[in-house]
Amino acid sequence: MAKVQVTVNAPGEEAVTKDLTQSSSQWTGTLTGLAEGTDRTFDAVALDAGGARLYTGRAAGVILADGEDTLVFITLDELTASTATQPEAPILTSLTAHPAEVRAGSTVTLRATARDRNPGDTIRLEWTAPGGAFSSPANGDITWTAPSSGATLLLGCTASDTQGLSSSISIPISVHAVSNTGSSGSGRVCCKHCGGSSKPCGDSCISSSYKCTKPAGCACY
C-alpha cells in the first residue's frame with residue numbers, strides 16, 4: 001500500500017480529494033475549506049505503487065459546519081467483501097463525531113456503522129464514555145452531552161455480534177470549561193479564546209480569512 005486518498009463529495013459541490021499521511025498503522029489528515037452541510041460523504045481508497053485500488057471505505061451522512069472540527073474514522077477493507085468461513089468479530093466501518101470540540105454541557109452528534117462477514121450474525125453497537133450522557137447508548141446514531149467540567153474524553157464504540165465477538169474504536173472529544181471572565185475583562189462568558197490568525201465564530205474559532213456564518217456564541221478574543 002503506497003497511498004491513501006480521501007475524497008469528499010456533496011450534492012452540488014465540487015469533490016475535494018486529499019492524500020493522507022501514514023503514522024504507524026494509521027493514515028491521517030486534515031481537510032480544510034470544505035463546504036458546510038449535513039450530508040457529506042467521505043470515500044477513502046488505498047492504492048499500490050502503480051495506482052491500482054487495493055482497499056476502500058466510506059463514511060456517509062457526515063456533518064460539516066464552519067468553525068467546527070468533525071472527526072471522521074474509516075476502516076478500509078477489500079474491494080469485494082467476502083463471506084467468512086469461521087467466526088469473525090464485526091468490523092466498525094466508520095465513526096464520525098461532530099463537533100470534535102464543545103463547551104461543557106453541549107452536545108456531540110455521533111454516528112457509527114459496522115458489518116459482519118458471518119451470515120446471520122446480528123450486530124449491536126454500544127457507546128461508552130467516562131463522563132457525560134448518551135441519548136441512547138445502544139444505537140449507531142446518537143448524541144452525547146458533555147459533562148460540566150473541561151477535559152479531553154475518550155468516547156468508545158463497540159460492535160458485538162451474536163457469537164460474543166466484538167471490536168472497538170475510541171475517539172477523543174475536547175470539552176472546554178466555561179469561564180465567567182473573558183479575555184477582554186468584560187465579564188462575558190467565554191468558552192474558547194481566539195487569537196493570532198483566528199477569530200471567534202459561534203462557540204469556536206475559525207481562520208481570519210474565512211467568513212463566519214454562525215450567530216454570536218461564547219468564543220471570544
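The values are calculated or read from the model by the stated rules, or taken from the named source; none is laboratory data. Note that this is a predicted model, so its numbers are computed, not measured. Note that we place each Cβ from the backbone using ideal geometry, even for glycine, and neighbour counts take in every protein chain shown. In case anyone asks, the SASA skips ligands and DNA or RNA and just uses the protein heavy atoms, side chains included. Shrake-Rupley method; radii C 1.70, N 1.55, O 1.52, S 1.80 Å.
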Once ligands and nucleic acids are excluded and a 1.4 Å probe is used, how much of residue 64 is accessible, expressed in Å² to the nearest 10? 20 Å²
One quarter of the C-alpha convex hull surface, i.e. the mean projected area of the chain in nm², amounts to 14.4 nm²
Note down, for region 110-221, the three equivalent ellipsoid semi-axes (square root of 5 times each alpha carbon gyration tensor eigenvalue), biggest first, whole angstrom. 38, 15, 10
Where only protein heavy atoms count, and the probe is 1.4 Å, what is the accessible area per residue for region 83-221 in Å²? 49 Å²
For region 202-221 and region 109-139, what is the centre-to-centre distance using only Cα atoms, to the nearest Å? 33 Å
Residue 170 - accessible surface, heavy atoms, 1.4 Å probe, Å² rounded to 10: 70 Å²
Debye, to nearest 20: dipole size of region 110-151, +1 on Lys, Arg Cβ, -1 on Asp, Glu Cβ: 80 debye
Distance between modelled label sites at residue 84 and residue 152, nm, 7 Å Cα→Cβ extension: 3.3 nm
I want to check a number: in the chain, how many lysine pairs have alpha carbons closer than 30 Å, given a sequence separation of 8 or more or different chains? 9
Run the dipole for the chain about the Cα centre, Lys and Arg Cβ at +1, Asp and Glu Cβ at -1, nothing else charged, and hand back the magnitude in debye, nearest 20. 620 debye
Find the relative contact order for the chain and round it to a whole percent, using C-alpha pairs within less than 8 Å whose residues are 6+ positions apart. 13 percent
Isolated Cys residues of the chain, judged by Cβ distance under 4.7 Å to other cysteines: 157
With all protein chains present, the chain has a carbon and sulfur share of its accessible area (1.4 Å probe) in percent of 48 percent
Of 178, 62, 102, the most mobile residue in a GNM of the chain (C-alpha springs, cutoff 10 Å) is 178
